[in-house]
Structure formats: C-alpha cells, structure tokens
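Only one structure is covered here, and it is reproduced in the block below.
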Amino acid sequence: MAESEANPLFRKNHYLFRALKPGAANGDVHTLPGEHPVPGHVCCLRRIGCATEKWHDDRHTPIDNARLHYSWYDLCSQRYDAPAHGLARNQFTDQELRREDCVGLLAPARISAPAGPNSVVPSNHYEVYRVVDPEPTYAEIQLRDACGNGEPVPVRVGRAAFLAVPVVKRHNDTAWPVDHPALHYVLYEVQTPDVHRDLEIVDQFQPAPLRIQARHGTLLAVPSEWRPALSI
C-alpha cells in the first residue's frame, strides 16, 4: 500500500514476542503492585518482545530503535471493559477488530546478554486487549531478531490475537506518560523455531538485571493505527 509505505508510524519497531523458559526466575512467584485509572496489579513475566527486522513482499523494514524492547506481564484488573471495535491499519491490511478484556501490560525493557548495558529507553506502556473473531490475515514474511541465529527466518503470519493500546502508567509515586499516542500494535499469531537464548532484562518492575531464557516466537507486534468506533 503506497499510503502505508509513506506513513512514518509503520516504520517503528516490530517486535517478536517469545515464550520464556518456565521457572521462578521469570517472576511468576510474586505479585508486583501497580496503579492504573482503575487499580490493578501485574504478575508473571509472560513473554519478552525483541525488536525485529521484517521482510515482506520484497520490502525490508529495519529496526528503528535497537535498544527498545518490551516485557509482557499478565495484568489482573478489577475493572470491566465493555467490548469495543474499530479499524486497524498497518503494512499488512486494513482490518476491523473487536477487542474485549485487558489481559496484559507491555513495559519498555532493555535486554542483553548477561553483563550488558543497564539503561532502559523510555517509551509507551501498553495495555493488551484480547481480539475476538478476527478475519484471517495470512502473509509470508521473514524475521530476524537478537535471539535467533543471525539469519532471517521464514514465518507465516496468522490471525490477529491482541491489540496493544498506549496507556498512562502509575506505579508508587511515579507516572509514565504516553510518548506516542498514535502508535498502537496489532499482535499476530506466528511460530518461529525454538531457541535457548539466555538474556538479562531490566525494566521498571525489574530494576536489577533478571536472567531469563527466551524460547520460540509466538506473536508478532506490528505498528498500527487504531481508529475506535462506537462501543458495542
């Protein structure tokens, strides 16, 4: 799409979210308090989102910011979110999506091999909403991130599974504003080969380096526009 190619929003980082090796080191044995417009809490570091290059239909989308990655935490909130729908636009498609319950929080993170640099790039936090009954969005692409073997990996993109929406996050006495209010992400189902990549992460919930092991990729986060319609 010529218009999409000209949209600078779509040249922002893509992220390959990888499963983590199960274990207490991934943060699944403690609850981390937080405050949102309606109080909730985050628990269980579920996935790590690694910035990734993407090739699609002879178009290469490089990594826009190699230092910005995301931690995915499960989010438990006491609020009820009414189902809503809207139009998502990205390099793959224009697609109507219906989103329901909020299930996760994406926090900016630094990842590295052990003993790497310790700074976290400030950027948007995101609440992650489950997408229900999406139309198929199939594409053949290639991805390359820091956890792979250095070569692009063929990947088939499946259905949209989640929508990530920018959110102001408050934790203790600190608030993190939204830096890029137009930048949303649609997360599509993918499968990449399994790896056993040892990493350390630092984020606002894990100020000291936390050792994790990244495994296979399960979701591709694609920078998108989101135009909400009336609640349904």
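Here, each number is a calculation from the coordinates, and none is a lab measurement. Everything numeric in this text was worked out from a predicted model, so none of it was measured. With ideal geometry, Cβ positions are generated from the backbone for all residues, glycine too; neighbour counts draw on all protein chains shown.
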Under the 0.36 nm per residue contour assumption, what length would be gained going from the current alpha-carbon distance of residue 11 and residue 149 to full extension?
47.3 nm
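For the range 124-232, state which chymotrypsin sites (Phe, Trp or Tyr not before Pro) are in a DSSP loop and have at most 15 other beta carbons lying within 10 Å of their beta carbon.
Values: sites: 126, 129, 138, 162, 185, 188, 205, 226; in loops: 138, 205.
Qualifying residues, ordered by number: 138.
Classify the range 97-232: rounded, prolate or oblate, from the alpha-carbon gyration tensor (a ≥ b ≥ c, eigenvalue square roots; a/c under 1.5 rounded; otherwise prolate if a/b is larger than b/c)?
Details: a/c = 2.25, a/b = 1.09, b/c = 2.06.
It is oblate, given that a/c is not under 1.5 and a/b is not larger than b/c.
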Relative to the present Cα-Cα distance, how much length would full extension add between residue 84 and residue 67 at 0.36 nm per residue of separation?
2.8 nm
Suppose every Lys and Arg Cβ carries +1 and every Asp and Glu Cβ carries -1, with no other charges. What dipole size does the range 94-230 come out with about its Cα centre, to the nearest 20 debye?
240 debye
What FRET efficiency comes out for residue 53 versus residue 175 if R0 is 35 angstrom and r is the Cβ-Cβ distance? Round to the nearest 0.05.
0.60
For residue 229 and residue 101, compute 0.36 nm times the residue count separating them, minus their Cα-Cα distance, and round to one decimal in nm.
44.4 nm
